[in-house]
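I have placed the structure first, in the form of structure tokens, so that the comments after it can refer back to it.
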Amino acid sequence: MKNFLLTFILTLTLVLGIFSATVFGTDTSSEKRYELPYYGTYIKVSNVVKDNGNDYITTMDIKLDSGETRKLEIVKDLYIEATAPCKVTYGFGKQYINYAKKMEDGSFESDYSKQINFDLKKYSFFTTDEKGNIIVGNTVDEVSNDSPRNAGAEGNYVTLGEGVYIVSNYDPSAGIGGGQSFEDYKVILTIKEKPLITAIPTSSKVLVNNEEKTFDAYTINGNNYFKLRDLATVVDGTNKQFEVSWDGLKNAINLMPNKKYTTVGGEMQISASSKKENAVLSTSKIYVDGKETALTAYTINNNNYFKLRDIAKLFDIGVTWDGATSTIGIDTSNNYTE
């Protein structure tokens, strides 16, 4: 039985491969996927800020019945930081989420005194064929405690607020059993509230190709931030024009140089309020001509604001500042200079 279980885990691990998410991630409209050992399931976590990359992958040698030795990848202590609200979605398999308590040695253990209820929790029965492949049966709402070989259905999820949690696909209080223990393996998920940053309405005059334009713009940490689509609108039809598109599945903003901008509505609208606003750091991915690019952006009232000089530099748009008249100049006939 022990060798069968080890072989079974090895097969599933080899099929699924190693963790495929990138280090810095996304918000609620996108989820980062992490492969987990044992039954080959996975979790998807939204609003990921950072994780410890591939450092949680380790290997161990396993001797099969044939005498052959192979390496089995084992996952230990995956640390994920995310912002609230954070949605954790499971693939098919055993599904456990517990509050974490920090021990004196700095490690984390599950706190079983508080229960966390899934937003959606259904079950699927499963069996294996003669080759050890999992065959998943029908999904049901409930199962009795003595139901044989049941597991959480794919798509079950829970929405978590601020706190520290241990996410796993085995019962941490029982271990896996069968001669194989993963008691040292933990996914430690730390969720924090999104930091709020003060955005002050920009009072400067803005000239676009020597024509005054009114923008709904803000000053954040001493820099001018404009709505991305407003900037695309005012340079449309020039040799510095660019297209903007949104990929909700990937939580990605796509910028395409030398493409005519497609109006979606709401461009150049001015807010009736002139008060300070709370800005939240955006975690959307930015692609420029298909290549991922690191840019700092903020979300204010559901709109994306980008630093003017970052966008100008990307598309080689001239930007000037006249301190005497407090005027920002945007000139598509000039090149960008620092």
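Values for this structure:
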| item | result |
| --- | --- |
| Label point distance in nm, residue 276-residue 291, each placed 7 Å from Cα along Cα→Cβ | 3.9 |
| Cα-based Kirkwood hydrodynamic radius, segment 179-333, one decimal, Å | 17.1 |
| Estimated distance in nm for a label pair at residue 259 and residue 334, the labels positioned 7 Å out from Cα along Cα-to-Cβ | 2.9 |
| For segment 296-338 versus segment 216-261, the gap between their alpha-carbon centres in whole angstrom | 11 |
| For residue 108, distant residues with modelled amide H under 5 Å away | 103 |
| Spin-label zone in segment 264-286 - amide nitrogen under 14 Å from a point set 7 Å from the Cα of residue 238 along the C-beta vector | none |
| Ellipsoid semi-axes in whole angstrom, largest first, where each is sqrt(5λ) of the Cα gyration tensor of segment 74-122 | 21, 15, 13 |
| Computed log₁₀ I(q)/I(0) - Debye formula, equal Cα scatterers, no solvent, segment 252-311, q 0.22, 0.29 Å⁻¹ | -1.11, -1.39 |
| Förster radius 51 Å - calculated FRET efficiency between residue 214 and residue 162 (Cβ-Cβ, nearest 0.05) | 0.85 |
| Cβ crowding within 10 Å averaged over residues, with 90-97, 187-194, 263-270, 78-85 ranked highest first | 90-97, 78-85, 187-194, 263-270 |
| Environment charge of residue 332, counting only residues whose C-beta is closer than 12 Å and scoring Lys/Arg +1, Asp/Glu -1 | -3 |
| Calculated FRET value between residue 116 and residue 139, using beta carbons and R₀ = 25 Å, to 0.05 | 0.70 |
| Length released on extending from residue 310 to residue 66, taking residue separation times 0.36 nm less the Cα-Cα span | 81.9 nm |
| FRET efficiency for residue 193 and residue 324, using Cβ-Cβ distance with R0 set to 45 Å, rounded to 0.05 | 0.60 |
| Kirkwood-based shape ratio for segment 204-254, expressed as Rg/Rh from alpha carbons | 1.03 |
| Distant alpha-carbon pairs in segment 298-338 (separation over 18 angstrom), percent | 37 |
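Bear in mind that the values in this text are calculations on the coordinates, not laboratory data. Keep in mind the model is a prediction, meaning the values are calculated, not measured. Positions of Cβ are generated from backbone atoms using ideal geometry, with glycine treated the same way; all protein chains shown enter the neighbour counts.
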